[in-house]
1. Return a yes/no flag: does region 245-255 have any residue that is assigned to a strand (DSSP E or B), on the phi < 0 side of the Ramachandran plot and either in the same structural domain as residue 210 (by TED's automatic domain parsing) or in contact (Cβ under 8 Å) with a residue 40 or more places away in the chain (or both).
2. All but one of (1) modelled with pLDDT under 90; (2) surrounded by fewer than 13 Cβ atoms within 10 Å (Cβ to Cβ); (3) under 30 Å from the mean Cα position of the chain (by Cα) hold for residue 125, so report the exception by its number.
């Protein structure tokens with residue numbers, strides 16, 4: 001008894017879906033995840049990779065099957081059958097892509113919103129975290145009324161209201177300069193503690209730049225004349241590259257730095273080592289020998 005074509009199609013489709021899901025869940029193309037943002041982004045990547053694998057294997061498999069099954073036989077010089085249309089097939093190959101695109105759009109929007117991407121760049125009060133010293137009184141009242149945490153680009157994960165580390169970032173052709181206002185430290189590298197929220201307050205001195213750390217799965221534009229905010233929490237100690245991801249001039253490819261994620265104790269030691277020494281004060285003996293006017 002021959003197997004019905006519909007059953008064969010169903011079984012092949014199920015095998016194709018399972019193969020795509022397996023490939024998506026076991027993909028290892030991304031760099032190591034080193035922030036609380038990374039797992040959320042990786043979820044979206046795995047879903048997109050699964051869908052792409054299903055479409056790629058399905059289309060390629062159908063193409064190869066057609067090349068073999070419907071090839072011209074030796075000695076056959078006749079024309080193909082005059083098929084003018086297949087309404088069920090046209091509905092299927094229109095409906096499936098429509099559903100896939102709609103699903104990807106909704107899911108991507110949700111991820112983008114959870115990463116603070118829908119916060120207007122020029123709405124500073126909405127972008128700054130409630131724990132920031134620059135948060136306005138109006139924003140604090142709104143937060144108390146709505147009991148919602150304001151969205152910040154990259155603000156996924158656990159953030160402590162009393163223990164956020166502010167860092168000022170200045171981008172210019174062709175370097176990143178980091179300043180720690182609390183410790184009065186200026187550095188060409190970004191040093192942060194693990195498992196502590198960091199708020200980058202970014203400005204550009206010349207053209208548009210972009211702060212991108214692949215291991216953090218975060219990128220934010222740095223725009224002249226308009227401060228932008230990026231909040232993240234690193235989770236894995238190590239040294240990771242900072243890349244300018246916006247074409248900013250002839251030496252754009254060399255505009256790189258590093259972010260060093262320390263254990264909390266090591267970060268405190270780095271702060272102590274790099275903090276400027278206090279100005280010397282005159283001793284009593286030195287004051288005694290000063291000339292009298």
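1. no
2. In the conditions (1) modelled with pLDDT under 90; (2) surrounded by fewer than 13 Cβ atoms within 10 Å (Cβ to Cβ); (3) under 30 Å from the mean Cα position of the chain (by Cα), residue 125 misses (2) alone.
The values are calculated or read from the model by the stated rules, or taken from the named source; none is laboratory data. Quick caveat: nothing in here was measured; it's all calculated off a predicted structure. Positions of Cβ are generated from backbone atoms using ideal geometry, with glycine treated the same way; all protein chains shown enter the neighbour counts.
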